[in-house]
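**Student:** One structure is given below, represented as structure tokens, and several questions about it will come after.
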Amino acid sequence: MSECERAQRLSAYHDGEVSEAERVSLEAHLQGCPACAAELNRLRRLSDLLSAAPRPEMSAEALARLHRAADALVTADLGRMAKALMAVAASILIVSGVWLWQSRGRTQPTEPIPAWETAAVTYQGVPASASDEQLARWIVQDLERKNGHD
Ligand SMILES: [Zn+2]
């Protein structure tokens, strides 16, 4: 950064990490070295900016939540995935339910209702044999169909 080799110690000086002797020596040097004086000014401005800026770091708690979410995605067994997909499906159903209600009598849905949607809507009446795994399979099948992976 600076052509003066003593500038290397300015950061430590700025942070108060130099010995008393070095501090005195550096301050004497700063009087006669514009390069170091400029460098010290730069460090101070940088430090001011950093302390004034809002901290962008995530809290440990938020980070932990993120990690858990990522872990759940990566290591998801079918049951956990089914629950996640059911949550997504539920929100889709709420949206599409509102849409259907608003458009009732005007338009008919052109797509056939997927099996898992029917199952989710009539979840109360789903026989015990329709397990989470079965629901997950329907959801995955339906998503694959929509994404054209067949
Ligand atoms: Zn210097």
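The values are calculated or read from the model by the stated rules, or taken from the named source; none is laboratory data. Quantities reported herein were computed from a predicted structural model and do not represent experimental measurements. In this analysis, Cβ positions are derived from the backbone assuming ideal geometry, glycine residues included, and neighbour counts consider all displayed protein chains.
**Student:** Filter the range 14-33 down to the residues that are within 11 Å of the ligand (Cβ to nearest atom) and within 18 Å of ARG45 (Cα to Cα) and list them by number.
**Tutor:** Of everything in the range 14-33, just one residue is within 11 Å of the ligand (Cβ to nearest atom) and within 18 Å of ARG45 (Cα to Cα), namely LEU30.
**Student:** Quick check, is LEU49 part of a helix (DSSP H, G or I) and at pLDDT below 75?
**Tutor:** no
**Student:** Give the range 1-13 a look and list any residue that's within 9 Å of the ligand (Cβ to nearest atom) and either surrounded by 11 or more Cβ atoms within 10 Å (Cβ to Cβ) or not in a helix (DSSP H, G or I) (or both), or say none.
**Tutor:** Matches in the range 1-13: SER2, GLU3, CYS4, ARG6, ALA7, LEU10.
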